[in-house]
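What follows is one structure encoded as structure tokens, with my remarks underneath.
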Amino acid sequence: MKTKPKPRLSLRPPFLSTRYVATLLLLAVTALYVPARLYESAHPFWGYLRAFAEAAMVGALADWFAVSALFRRPLGLPIPHTAVVPRNKERIGTALGGFIERNFLAADMLTAKLERIDFAALLADWLDQPRNRAKVADYLSEMLPGMLDSVKDEQVRRFIFKNVSERVRRFEAAPLTAEILGMLTAENRHQLLIDEMLRQVAALLKENEPLIREKVSARTTWLWRQLSVDDRVATRIMEAAEEALTDLADDEQHPWRLRFDQTVRDFIQELRTSPEYREKADEIKEQLLRHPAVQEYLDGLWPEIKRAIQADAGKHASALRARLRKGLAMMARGLLNDHGLRTRLNAWTLGIILEVVDSRRHEVAKLIATTVREWDPDTMASKIEQEIGDDLQYIRINGTLIGGLAGLMIHGISQLAF
């Protein structure tokens, strides 16, 4: 942040200000005129001195009148065309506002000036300093909890649910599922899954053999149980199942495997092309979005995020601040190394500035005119006179000296001519 420049301190005492010097100079030539006029006949030198002093007085008085007439009525007399600034303050304000609007806020002039400024590089250089990054990160992390409190939770929840719902609805589930299955089945990768399934089924049969025998016995008549036929049937079932599982595991060209492969390929193709499967996938998505558990999760998502951010922002070793600093450092390096990005950012910044200024420049001119119009006439005259400063008094001083020299030359020429 730029500090305001301190006012310049002058070591010159007030009685030596240009206003006093101009006045003293007028009094000095007036005092010089009196003896020169009295002794003019005694020696030609006094005539030249009288001519200098007389013309200097005229020049000093004329320029004093001219300077004073700009800001006030000299000696309070209602002389026409005096107090020019106070009497025309409204016109001056309007003209000043129009002048600034046309000459300082015009789009072509601003463009020519601003195109020479690399805003992105300035920002990147500033953010490249660790201390500056820390300031920005600290400011954002301190400001964020208050911003979150000012946001209405219900609006944010609706926003999250709406955006998630729109994304889920736009999401093509069937084609993506087909792609995933396609990758899983490429190069027969799914055979490993089948082998693992077969091992698990075999282990499951082994673990549940007593239960299977019990079920077979329960469904067998009393006579066959007395003859132990149920036990032999159960044994045959277990042996057949184990044999089938072994054949499937050992033979990759087993008809059941081949049929399973073809079923999977047909299913993948249907997922990719079938409108029916797409409709089913859309129905599943809608059911998922309407499910109470999903809605409850989405409703609770924002409060959890909000509490986590607010809790972290208050910590001395805040993860949020660390991530902000890291992100700002990456942004600074990215801007410094990417000339194209800086060019686009500068063009965007220039466009924003030009758009804002162009839409508000008439208001700026109007503000200047209104401000000047509301000033008290004496206040306005005093402000302008103070801003111009010593230059006004130098007009008086120069008028005194130039007037005296002009009178001296005229007197000398008249002496030579007559």
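Here are some notes:
- The aspartates and glutamates whose alpha-carbon is closer than 20 Å to the alpha-carbon of Lys306, local same-chain residues fewer than 8 away aside, are Asp138, Glu142, Asp149, Asp153, Glu154, Glu296.
- On the principal axes of its alpha carbon atoms, the chain extends 173, 42, 40 Å, with the longest extent given first.
- Mean Kyte hydropathy of 0.0 or more with a Cα span along the axis of at least 15 Å, helices from DSSP in the chain: 18-38, 44-71, 173-185, 190-207, 319-337, 390-417
- Environment charge of Pro86, counting only residues whose C-beta is closer than 10 Å and scoring Lys/Arg +1, Asp/Glu -1: +2
- Sorted peptide list for 363-370, 276-283, criterion being average Cβ within 10 angstrom, highest first: 363-370, 276-283
- Given charges at Cβ of Lys, Arg, Asp, Glu: the chain dipole, positive-most of Pro130, Leu114, Val156: Leu114
- For the chain, a crude dipole built from +1 on the beta carbon of Lys and Arg and -1 on the beta carbon of Asp and Glu, taken about the Cα centre, is about 2600 debye to the nearest 20.
- Shape box of the range 342-418 [Cα atoms, principal axes, largest first, Å]: 78, 39, 19
- Ignoring aspartates and glutamates fewer than eight residues from Lys285 along the same chain, the ones with Cα atoms less than 14 angstrom from its Cα are Glu166, Glu172.
- Leading residue at positive end of dipole, the chain (Cβ point charges), from Thr23, Ala55, Trp302: Ala55
- When peptides 152-165, 17-30 are sorted by average Cβ neighbour count within 10 Å, with the highest value leading, the order is 17-30, 152-165.
- Residues in the range 99-117 reached by a label modelled at Ile352 [backbone nitrogen below 14 Å; 7 Å Cα→Cβ]: none
- Charge-dipole axis of the chain as Lys and Arg at +1 and Asp and Glu at -1 on Cβ define it, positive-most pick from Gly412, Ile79, Gln287: Gly412
Just so you know, all these numbers are worked out from the coordinates, no wet-lab data involved. Since we're looking at a predicted model, the values are computed, not measured. All Cβ positions, even for glycine, are placed from backbone atoms using ideal geometry, and neighbour counts span all protein chains on display.
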